[in-house]
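The values are calculated or read from the model by the stated rules, or taken from the named source; none is laboratory data. What you are looking at is a predicted structure, and each value in this text was computed from that prediction instead of being measured. Every residue, glycine among them, receives a Cβ derived from its backbone with ideal geometry; neighbour counts consider all protein chains shown. The accessibility values were calculated without ligands, DNA or RNA, using every heavy atom of the protein model including side chains. Shrake-Rupley method; radii C 1.70, N 1.55, O 1.52, S 1.80 Å.
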Amino acid sequence: MPLANRLAAEFIGTLWLVLGGCGSAVLAAIFLGPDNYPLGIGLVGVSLAFGLTVLTMAYAIGHISGCHLNPAVSVGLWAGGRFPAADLVPYIIAQVLGGLAGAAIIYLIVTGKSDFSTLGGFAANGFGEHSPGGYNLTAALITEIVMTFIFLIVILGATHKNAPAGFAPIAIGLCLTLIHLISIPVTNTSVNPARSTSQAIFVGGWALQQLWLFWVAPIVGAALAGFFHRWLANDKPS
């Protein structure tokens, strides 16, 4: 598949991940109906939304670009011998731009609300006072490294040539759902530098100051998983 087609697929896929996942957090996590009746989807709904974005896009564009949607996934697949180093930078650029486009759409929607006053957290990732549960930098670092490590182990295993065909998107989507169920209270869950960057750009300030962690930790976790899985599955580099 030509690189331009693959990059376009990564752009659209990452846009959908941010729009569906972060959009659900911003627009639907807390929503009050008539007489303040709670109709929001909460933590469970947001977690499921992130998983569904990956599952749906894996079937839609997996055959075009591999449906990485995430710089850490691209790095992990490279470390696992599944992805060429020459395509890393173009993929990462497409993913970040797609994430920014998704965040821009969310911004246009939320600013159309009559009583809009502030972006608030805008589903940005953070630690310390910006962690939903007040978790410190060390807790955030451990969480993001471990969650991304497991995410890549599932991706590499589910897409392995010896794995059952056709089920990888389900396993990967459910894994991302579980990751969010575990780690939203700690960091608002990143495991994806493109997703973190897209929201931090619109929040600015503290979100940009803390963004480094949500690049470093996921990429470290993904690279470790890639090298480990290559050994675990006794794979040779392609």
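Restricting to the stretch 210-238, name every residue that is assigned to a loop (DSSP other than H, G, I, E, B) and either modelled with pLDDT under 95 or buried (at least 21 other Cβ atoms within 10 Å of the Cβ) (or both).
Across the stretch 210-238, the qualifying residues are 210, 211, 233, 234, 235, 236, 237, 238.
Only one of (1) modelled with pLDDT under 95; (2) over 23 Å from residue 20 (Cα atoms); (3) open to solvent by 40 Å² or more (accessible area, probe 1.4 Å) is not met by residue 202, so which one is it?
Here residue 202 meets the rest and fails (2).
Scan the stretch 204-224 and report the pairs whose first residue is farther than 16 Å from residue 75 by Cα and whose second residue is modelled with pLDDT of 95 or more and of a type in the set (Val, Ile, Thr), with Cβ atoms within less than 7 Å and a gap of 6+ or a chain change.
As it stands, the answer is 211/197, since those pairs meet every condition given.
Could you check the stretch 162-176 and list, in sequence order, the residues that are in a loop (DSSP other than H, G, I, E, B) and not hydrophobic (A, V, I, L, M, F, W, C)?
Residues satisfying the conditions are 162, 164, 166.
Quick check on my filter: what residues within the stretch 101-149 are part of a helix (DSSP H, G or I), open to solvent by 50 Å² or more (accessible area, probe 1.4 Å) and either hydroxyl-bearing (Ser, Thr, Tyr) or over 18 Å from residue 213 (Cα atoms) (or both)?
If the condition is that a residue be part of a helix (DSSP H, G or I), open to solvent by 50 Å² or more (accessible area, probe 1.4 Å) and either hydroxyl-bearing (Ser, Thr, Tyr) or over 18 Å from residue 213 (Cα atoms) (or both), then 105, 107, 108, 109, 138 are the ones that fit.
Is it the case, given these coordinates, that residue 83 is among the aromatic types (Phe, Trp, Tyr) and farther than 22 Å from residue 221 by Cβ?
no
Of these, 69, 17, which one is surrounded by 19 or more Cβ atoms within 10 Å (Cβ to Cβ) and part of a loop (DSSP other than H, G, I, E, B)?
The conditions single out 69.
Pairs, please: C-beta under 8 Å, at least 6 apart or cross-chain, first residue farther than 21 Å from residue 184 by Cβ and open to solvent by less than 50 Å² (accessible area, probe 1.4 Å) and in the stretch 49-66, second in a helix (DSSP H, G or I) and among the acidic types (Asp, Glu)?
61/10; 65/10
Yes or no, residue by residue, for (1) out of contact with any Ser or Thr (no Cβ under 6 Å at 6 or more places or on another chain); (2) among the acidic types (Asp, Glu); (3) modelled with pLDDT under 95:
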| residue | (1), (2), (3) |
| --- | --- |
| 17 | no, no, no |
| 30 | yes, no, yes |
| 36 | yes, no, yes |
| 51 | no, no, no |
| 57 | yes, no, no |
